[in-house]
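Worksheet: one structure, shown below.
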Amino acid sequence: MKNFFKSLLPKKNHFIGIDIGVHQIKAAEVKIVDGFPEVVDLKNMPAPKGVWTNQFDEENLVQALKDIANPVLKEVITCIGGEKVVIRVVRLPRLSSKDLESAAKFEIQKFVPTPVDQLIVSHVKLSDAVENPGHDYKGAASEASEKIDKKIDQEGQDVLLLAVPLATLYQYHSIFSRAGMVVTAADLQAFALWRVFGRNMRGTVALVDFGAKTSHFVLVKDGLIKFVRLLPVGCKVLTDFI
């Protein structure tokens, strides 16, 4: 268990993570004690009105970050909201790393109207024939099914495509910099959800993170992400209904 936590956490033993949501800003200060993470401080405060829209006042957000952060910790880990990111799981042939990078940029254009030269496009291989050898089948029919599954694994692979506008990343770095902090890592909310709850799960599970106006839905099978979506429904809808 200790090695598992070590694989998730940065090498530093004291750091802060900040999540800027449309309703609240949350900050978690964590220390590593004997190889295990301990939350030593949690803070939250209302986010400036209209945050991450085209009309919000960045200076109000900068001041809010100064108020919520620990002035001693200059390096911060944050996550980029799903509404700013396009995430899709696609099936691609087995390609070299260079060809897979080109294929990712080509495929993402099917889902994003923004020109690819204005995006940061990345990809993550979600499955591999060696890592996903199939299940323990019994009987002649099951053996045939296993061979089909292995053939599919050899012919293709599941790849998670990610696209973030360059302007969004510049905005994140600029806002934190003006608040006196340096962004050392920018994660995706869906990935964070998977790392904490899904990567060691067996079977098929659905992970859902309800935000104020949007929710993240991640479908995981045997520890591998199979489906990711941002749902345009959050806790505000439930609160208004109640």
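All of ASP158, ASP99, ASP153 fail the test of being surrounded by 14 or more Cβ atoms within 10 Å (Cβ to Cβ), of a type in the set (Asp, Glu) and modelled with pLDDT of 80 or more, apart from ASP158. Quickly run through region 197-209 and pick out the residues that are in contact (Cβ under 8 Å) with a residue 24 or more places away in the chain and surrounded by fewer than 15 Cβ atoms within 10 Å (Cβ to Cβ). Selection gives ASN200 alone.
Count of region 106-117 residues, restricted to those that are crowded, with 16+ Cβ neighbours inside 10 Å and under 19 Å from the mean Cα position of the chain (by Cα), is 2.
The set of residues from region 104-123 being aromatic (Phe, Trp, Tyr) and in a helix (DSSP H, G or I) comprises just one member, PHE106. Residues that are in contact with an Asp or Glu (Cβ under 9 Å, 6 or more places away or on another chain) and either surrounded by fewer than 18 Cβ atoms within 10 Å (Cβ to Cβ) or acidic (Asp, Glu) (or both) within region 167-176 comprise GLN171, SER174, listed in sequence order. Among the residues making up region 82-107, those that are touching a residue at least 40 places away in the same chain (Cβ under 8 Å) and among the basic types (Lys, Arg) are LYS84, ARG88, ARG91, ARG94. For ILE87, the requirement of being touching a Leu at 6+ places or on another chain (Cβ under 6 Å) and either open to solvent by 90 Å² or more (accessible area, probe 1.4 Å) or under 23 Å from PHE176 (Cβ atoms) (or both) is met. Counted as qualifying within region 165-242 are the helices (runs of 4 or more DSSP H) with 2 or more residues that are of a type outside the set (Val, Ile, Thr), closer than 25 Å to ILE68 by Cβ and out of contact with any Phe, Trp or Tyr (no Cβ under 7 Å at 6 or more places or on another chain), namely 166-178, 189-197. Taking region 22-54 as the region of interest, how many residues are small (Gly, Ala, Ser) and at pLDDT 85 or above? Total satisfying the criteria: 3. Looking across region 59-73, the residues that are open to solvent by 20 Å² or more (accessible area, probe 1.4 Å) and modelled with pLDDT of 90 or more come down to GLU59, ASN60, GLN63, LYS66, ASP67.
For region 9-52, the set of residues classified as within 17 Å of GLU75 (Cβ to Cβ), in contact (Cβ under 8 Å) with a residue 60 or more places away in the chain and open to solvent by 20 Å² or more (accessible area, probe 1.4 Å) consists of PRO10, LYS12, PHE15, GLY17, ASP19, listed by residue number.
The values are calculated or read from the model by the stated rules, or taken from the named source; none is laboratory data. Model, not experiment: these values are computed from the prediction. So basically every Cβ, Gly included, is an ideal-geometry build from the backbone, and we count neighbours across all protein chains shown. All accessible areas refer to the heavy atoms of the entire protein, side chains included, with ligands and DNA or RNA removed. Shrake-Rupley method; radii C 1.70, N 1.55, O 1.52, S 1.80 Å.
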